Amino acid sequence: MSGEYTIEGRGAADIAASVERGVADGALGPGLPLPPLRDLAARLGVNPNTVAAAYRLLRDRGVIETGGRRGSRVRARPASTPRDAVRAPVPPGARDLSDGNPDRALLPPLGPALAAAAERAGRSPAWYGTPPVSPGLARAARAAFDREGVPAGPVAVTSGTLDCVERVLAAWLRPGDAVAVEDPGWGSLLDLVPALGLRPVPVAVDDDGPLPERAAQALAGGARALIVTTRAQNPTGAAVSAARAGELRAVLADHPDTLVIEDDHGHGIVDQPLHSLAGHSHRWAFVRSTAKAYGPDLRLAVWTGDGVTVDRVRGRQRLGPGWVSHLLQDAVERLWEDSPSAAARSYDARREALLAALAERGVDATGRSGMNVWVPVPDETAAVAALSQAGWVPAPGARFRLDAPPGIRLTVSTLREDDITPLADAITTAIGTAHAPAATRWG
């Protein structure tokens with residue numbers, strides 16, 4: 001059970017804090033079972049309901065997972081250990097292809113847009129009681145959604161995609177509920193779901209998005225929500241095709257109460273058309289962030305959804321931050337007025353050049369859209385080590401996987417034309433090296 005570590009406490013909060021100390025100190029390792037409720041209650045001399053309350057607190061904080069008759073155990077990756085911590089060191093002189101950042105040279109200058117927003121704020125400042133969404137941004141967003149077939153719904157704003165996803169999940173789900181997530185998928189999302197006390201259910205993906213049969217299996221198994229990346233899926237570059245969207249809509253027709261959340265963070269950096277699932281279930285949200293097109297520090301995402309979902313999120317938001325700064329909203333509106341960025345064409349050229357070079361060398365890789373390429377490898381540790389020694393540092397696939405096979409992610413945003421051949425050669429060599437057994441694993 002809990003090994004040599006002694007869990008202490010008389011109240012639920014004290015018992016939970018004792019377990020958290022054990023996890024933080026490493027005395028309660030990942031996957032370690034905790035004592036059954038009644039056994040721990042008898043040893044501590046407390047009511048079993050007190051231990052049950054402590055375990056609920058720990059589950060809600062993402063420290064442990066509960067499995068009914070299978071008992072409770074420390075999560076394989078507690079919420080205090082984010083997936084971003086799974087990184088390879090960058091040796092001096094090596095190129096870091098692991099961070100997922102856009103190319104600085106492709107970001108538009110923010111000065112003019114921020115200056116225009118500041119000038120507008122000087123004329124008409126946002127006071128308490130001002131509507132939470134700037135009318136101009138709402139009109140621009142709604143017009144774009146209409147052009148791309150996103151159903152009618154109120155427009156709202158959050159501080160980025162993850163902020164929106166968290167709020168939408170909290171609006172409908174409760175600790176213990178299951179959420180169908182892409183696998184491999186966005187590492188921050190894979191951390192967020194269990195941190196909310198929810199249970200992630202992996203859904204495999206290919207170039208066209210989530211596999212319909214796996215999504216159907218997850219929903220039939222009780223998953224109450226499905227989270228899908230429409231384009232530039234992280235880490236595989238998948239983009240939901242028209243045919244795949246139709247198949248997923250058919251799955252949702254059998255599960256109309258599923259909460260569907262679509263992440264369109266690739267808006268502005270991809271040329272792939274949008275094929276949305278929005279509106280094909282009773283509860284839905286479609287979120288579009290500005291991080292990749294305008295820079296991660298522009299913390300803003302515009303989203304829409306069914307009326308009840310938007311109303312619930314807005315109501316809770318009013319009790320916290322209240323609203324997202326109208327300075328940022330007005331700046332984004334101004335940025336959207338400018339001519340389309342060349343970023344999508346540039347990222348496409350870099351990504352496709354690397355994929356072509358790898359294909360010539362017999363290396364399987366994916367990257368249909370966006371700024372990342374995913375390369376399956378037999379052993380992540382060996383592949384990352386070999387590439388790092390060659391001067392290229394990828395992201396270990398463990399940051400993005402639940403049950404998916406091993407792989408590495410390479411961000412192509414900073415690659416130059418003369419980088420492609422040496423990088424493809426290094427990847428080919430690294431995969432050969434990775435066939436040798438490694439003593440340790442990323443995780």
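The values are calculated or read from the model by the stated rules, or taken from the named source; none is laboratory data. Bear in mind that the values here come from a model prediction, so they are computed numbers and not experimental data. Note that each Cβ is placed from the backbone with ideal geometry, even for glycine, and that neighbours are counted across all protein chains shown.
Miscellaneous remarks
- Scanning the stretch 126-148 for residues that are touching a His at 6+ places or on another chain (Cβ under 8 Å) and either under 18 Å from LEU259 (Cα atoms) or of a type outside the set (A, V, I, L, M, F, W, C) (or both) turns up THR130, SER134.
- Breaking point among (1) among the small types (Gly, Ala, Ser); (2) assigned to a helix (DSSP H, G or I); (3) buried (at least 17 other Cβ atoms within 10 Å of the Cβ); (4) modelled with pLDDT under 90, for SER18: (4)
- One residue from ALA180, ALA113, ALA118 being in contact (Cβ under 8 Å) with a residue 40 or more places away in the chain and closer than 30 Å to LEU219 by Cβ: ALA180
- Selected residue (criterion: surrounded by the fewest Cβ atoms within 10 Å (Cβ to Cβ)) from residues of the stretch 199-237 that are among the charged types (D, E, K, R) and not in a strand (DSSP E or B): GLU213
- Subset of the stretch 23-40 [closer than 15 Å to THR6 by Cβ and assigned to a helix (DSSP H, G or I)]: VAL23, ASP25, ASP39, LEU40
- Residue check, LEU189 in a helix (DSSP H, G or I) and more than 27 Å from VAL74 (Cβ to Cβ): no
- Once the stretch 1-49 is narrowed to residues that are among the β-branched types (Val, Ile, Thr) and in contact (Cβ under 8 Å) with a residue 40 or more places away in the chain, the residue that is nearest to PRO175 (Cα to Cα) is VAL19.
- Per-region count, the stretch 98-142, residues exposed (fewer than 11 other Cβ atoms within 10 Å of the Cβ) and of a type in the set (A, V, I, L, M): 1
- Of all residues making up the stretch 238-251, the number that are among the β-branched types (Val, Ile, Thr) and either assigned to a loop (DSSP other than H, G, I, E, B) or in the same structural domain as LEU355 (by TED's automatic domain parsing) (or both): 1
- Residue, modelled with the highest pLDDT, within the stretch 48-89, restricted to residues that are within 30 Å of GLY391 (Cα to Cα) and surrounded by fewer than 16 Cβ atoms within 10 Å (Cβ to Cβ): PRO89
- Among (1) touching a helix residue (DSSP H, G or I) at 6+ places or on another chain (Cβ under 7 Å); (2) under 28 Å from ALA223 (Cα atoms), the one test that ASP207 misses: (1)
- Number of the condition not met by GLY149 [criteria: (1) in the same structural domain as ALA204 (by TED's automatic domain parsing); (2) of a type outside the set (A, V, I, L, M); (3) on the phi < 0 side of the Ramachandran plot; (4) part of a loop (DSSP other than H, G, I, E, B)]: (3)
- Selection status of LEU219, closer than 22 Å to SER276 by Cα and under 18 Å from the mean Cα position of the chain (by Cα): no
- All of TYR5, TYR55 fail the test of being under 19 Å from LEU198 (Cα atoms) and among the aromatic types (Phe, Trp, Tyr), apart from TYR55.
- Pair list, Cβ under 8 Å, 6 or more apart: the stretch 290-303 residue in a loop (DSSP other than H, G, I, E, B), other residue surrounded by fewer than 21 Cβ atoms within 10 Å (Cβ to Cβ) and of a type in the set (Ser, Thr, Tyr): ARG299/SER159; LEU300/SER159
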